[in-house]
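One structure is given here, and the rest of the page talks about it.
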Amino acid sequence: MSMSLSVVLEKRDGSKKQKTEQELYLLPRVLGRLDELATKRGWVPLGTFVREDPALFAEMADDLDEESRATIAKNIESQSEWHDPSSCLTTIEGLLAYLKKTDAKKLALDLGEAQDDLVVKSILQDEGCTLAEAVCKDLEDCVRQLGQAAKSHCGFRFEIG
(Lines give C-alpha, C1' and ligand atoms only; values in the text may rest on other atoms or scores of the structure.)
Protein backbone atom coordinates (compact mmCIF):
# COMPACT_ATOMS: atom_id res chain seq x y z
CA MET A 1 0.00 0.00 0.00
CA SER A 2 2.79 2.38 -0.79
CA MET A 3 0.79 5.16 -2.46
CA SER A 4 -0.85 7.51 0.01
CA LEU A 5 -2.16 11.06 0.23
CA SER A 6 -1.15 13.39 3.04
CA VAL A 7 -2.46 16.82 3.96
CA VAL A 8 0.50 19.11 4.62
CA LEU A 9 -0.12 22.37 6.46
CA GLU A 10 2.04 25.42 5.89
CA LYS A 11 4.30 26.13 8.83
CA ARG A 12 4.03 29.72 9.99
CA ASP A 13 6.90 31.56 11.65
CA GLY A 14 6.81 30.89 15.37
CA SER A 15 4.23 28.11 15.06
CA LYS A 16 4.66 24.66 16.54
CA LYS A 17 5.83 21.80 14.39
CA GLN A 18 2.97 20.31 12.39
CA LYS A 19 1.52 17.15 13.87
CA THR A 20 2.03 14.20 11.56
CA GLU A 21 -1.34 13.22 10.16
CA GLN A 22 -2.54 9.82 9.12
CA GLU A 23 -1.75 8.95 5.53
CA LEU A 24 -4.82 8.26 3.44
CA TYR A 25 -4.38 5.26 1.14
CA LEU A 26 -7.74 5.23 -0.63
CA LEU A 27 -7.99 8.80 -1.96
CA PRO A 28 -5.10 8.60 -4.46
CA ARG A 29 -6.81 5.61 -6.06
CA VAL A 30 -10.13 7.41 -6.57
CA LEU A 31 -8.83 10.95 -7.07
CA GLY A 32 -9.38 10.93 -10.83
CA ARG A 33 -13.01 9.86 -10.43
CA LEU A 34 -13.61 12.38 -7.64
CA ASP A 35 -12.12 15.10 -9.84
CA GLU A 36 -14.51 14.14 -12.64
CA LEU A 37 -17.46 14.37 -10.23
CA ALA A 38 -16.23 17.74 -8.92
CA THR A 39 -15.71 19.17 -12.40
CA LYS A 40 -19.22 18.12 -13.51
CA ARG A 41 -20.65 20.04 -10.55
CA GLY A 42 -18.49 23.14 -10.98
CA TRP A 43 -16.21 22.54 -8.00
CA VAL A 44 -12.43 22.84 -8.02
CA PRO A 45 -10.97 19.35 -8.60
CA LEU A 46 -9.03 17.94 -5.64
CA GLY A 47 -6.09 17.21 -7.93
CA THR A 48 -5.58 20.97 -8.18
CA PHE A 49 -4.28 20.92 -4.61
CA VAL A 50 -1.73 18.12 -5.13
CA ARG A 51 1.86 19.33 -5.18
CA GLU A 52 4.03 17.27 -7.47
CA ASP A 53 7.33 16.35 -5.85
CA PRO A 54 10.27 17.91 -7.76
CA ALA A 55 12.66 15.32 -6.26
CA LEU A 56 10.54 12.47 -7.61
CA PHE A 57 10.49 14.13 -11.04
CA ALA A 58 14.29 14.46 -10.94
CA GLU A 59 14.60 10.72 -10.25
CA MET A 60 12.55 9.74 -13.29
CA ALA A 61 13.48 12.60 -15.67
CA ASP A 62 16.24 10.64 -17.39
CA ASP A 63 13.72 7.98 -18.43
CA LEU A 64 11.48 10.52 -20.23
CA ASP A 65 11.73 11.90 -23.73
CA GLU A 66 12.71 15.56 -24.05
CA GLU A 67 9.18 16.83 -24.77
CA SER A 68 7.64 14.99 -21.79
CA ARG A 69 10.45 16.14 -19.52
CA ALA A 70 9.93 19.78 -20.58
CA THR A 71 6.15 19.59 -20.10
CA ILE A 72 6.40 18.05 -16.64
CA ALA A 73 9.15 20.47 -15.58
CA LYS A 74 6.99 23.42 -16.70
CA ASN A 75 4.01 22.07 -14.74
CA ILE A 76 6.09 21.57 -11.60
CA GLU A 77 7.59 25.07 -11.83
CA SER A 78 4.18 26.69 -12.26
CA GLN A 79 2.38 24.89 -9.43
CA SER A 80 1.47 26.70 -6.25
CA GLU A 81 3.25 25.54 -3.15
CA TRP A 82 0.36 26.43 -0.81
CA HIS A 83 -3.41 26.73 -1.27
CA ASP A 84 -6.19 28.41 0.66
CA PRO A 85 -8.24 25.61 2.26
CA SER A 86 -11.64 27.26 1.62
CA SER A 87 -12.14 26.19 -2.02
CA CYS A 88 -10.96 22.67 -1.25
CA LEU A 89 -13.36 22.49 1.70
CA THR A 90 -16.21 23.53 -0.63
CA THR A 91 -15.33 20.71 -3.02
CA ILE A 92 -14.98 18.10 -0.29
CA GLU A 93 -18.22 19.09 1.41
CA GLY A 94 -20.01 18.89 -1.95
CA LEU A 95 -18.50 15.49 -2.68
CA LEU A 96 -19.47 14.22 0.77
CA ALA A 97 -23.07 15.35 0.28
CA TYR A 98 -23.17 13.68 -3.14
CA LEU A 99 -21.64 10.40 -1.92
CA LYS A 100 -23.98 10.19 1.07
CA LYS A 101 -27.18 10.78 -0.91
CA THR A 102 -26.46 8.81 -4.11
CA ASP A 103 -27.62 5.21 -4.42
CA ALA A 104 -25.07 2.39 -4.51
CA LYS A 105 -25.60 1.47 -8.20
CA LYS A 106 -24.95 5.04 -9.36
CA LEU A 107 -21.88 5.29 -7.12
CA ALA A 108 -20.55 2.03 -8.54
CA LEU A 109 -20.61 3.65 -12.00
CA ASP A 110 -19.17 6.94 -10.72
CA LEU A 111 -16.26 5.29 -8.91
CA GLY A 112 -15.68 2.82 -11.74
CA GLU A 113 -12.58 0.68 -11.88
CA ALA A 114 -11.37 1.80 -8.44
CA GLN A 115 -13.61 -0.91 -7.00
CA ASP A 116 -11.57 -3.57 -8.80
CA ASP A 117 -8.19 -2.30 -7.52
CA LEU A 118 -6.67 -4.95 -5.23
CA VAL A 119 -5.41 -2.34 -2.76
CA VAL A 120 -8.90 -0.80 -2.60
CA LYS A 121 -10.42 -4.21 -1.96
CA SER A 122 -7.90 -4.80 0.82
CA ILE A 123 -8.68 -1.43 2.43
CA LEU A 124 -12.42 -2.10 2.28
CA GLN A 125 -11.97 -5.54 3.80
CA ASP A 126 -9.84 -4.12 6.63
CA GLU A 127 -12.33 -1.34 7.34
CA GLY A 128 -15.42 -3.49 6.81
CA CYS A 129 -17.28 -0.91 4.75
CA THR A 130 -18.31 0.00 1.21
CA LEU A 131 -16.15 2.04 -1.14
CA ALA A 132 -18.41 5.08 -0.74
CA GLU A 133 -18.22 4.83 3.06
CA ALA A 134 -14.42 4.52 3.00
CA VAL A 135 -14.07 7.48 0.62
CA CYS A 136 -16.33 9.52 2.92
CA LYS A 137 -14.15 8.62 5.92
CA ASP A 138 -11.04 9.84 4.11
CA LEU A 139 -12.78 13.00 2.92
CA GLU A 140 -14.03 13.68 6.47
CA ASP A 141 -10.46 13.33 7.73
CA CYS A 142 -9.39 15.89 5.11
CA VAL A 143 -12.16 18.24 6.28
CA ARG A 144 -10.87 17.99 9.84
CA GLN A 145 -7.30 18.74 8.78
CA LEU A 146 -8.30 21.55 6.41
CA GLY A 147 -10.46 23.02 9.17
CA GLN A 148 -7.28 23.30 11.24
CA ALA A 149 -5.55 25.09 8.35
CA ALA A 150 -8.47 27.51 7.94
CA LYS A 151 -8.61 28.18 11.67
CA SER A 152 -4.86 28.84 11.75
CA HIS A 153 -5.03 30.97 8.58
CA CYS A 154 -2.38 28.86 6.89
CA GLY A 155 -2.12 27.23 3.52
CA PHE A 156 -2.07 23.55 2.74
CA ARG A 157 -1.27 21.12 -0.03
CA PHE A 158 -1.87 17.47 -0.75
CA GLU A 159 1.16 15.29 -1.31
CA ILE A 160 0.96 11.87 -2.86
CA GLY A 161 3.83 9.58 -2.14
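Here the Kirkwood formula puts the hydrodynamic radius of segment 63-161 at 16.1 Å, using every distinct Cα pair.
Available extension along the chain between GLN125 and SER4 is 41.8 nm, counting 0.36 nm per residue and deducting the alpha carbon span.
At an R0 of 25 angstrom, the distance between the Cβ atoms of ALA108 and GLU23 translates into a FRET efficiency of 0.45. Stretching the chain fully between SER87 and THR39 yields a gain of 16.0 nm (0.36 nm per residue, less the alpha carbon separation). Of the accessible area of segment 106-146, computed with a 1.4 Å probe over protein heavy atoms only, carbon and sulfur atoms account for 55 percent. Would you mind getting the accessible area per residue of segment 116-161, heavy atoms of the protein chains only, 1.4 Å probe, in Å²? Accessible surface, normalised per residue, equals 50 Å².
The values are calculated or read from the model by the stated rules, or taken from the named source; none is laboratory data. Bear in mind the structure is a predicted one, so any value in this text is a computation, not a measurement. Glycine also receives a Cβ, built like all others from the backbone with ideal geometry; neighbour counts cover every protein chain displayed. Just so you know, the surface numbers come from the protein's heavy atoms only, side chains and all, with ligands and any DNA or RNA stripped out. Shrake-Rupley method; radii C 1.70, N 1.55, O 1.52, S 1.80 Å.
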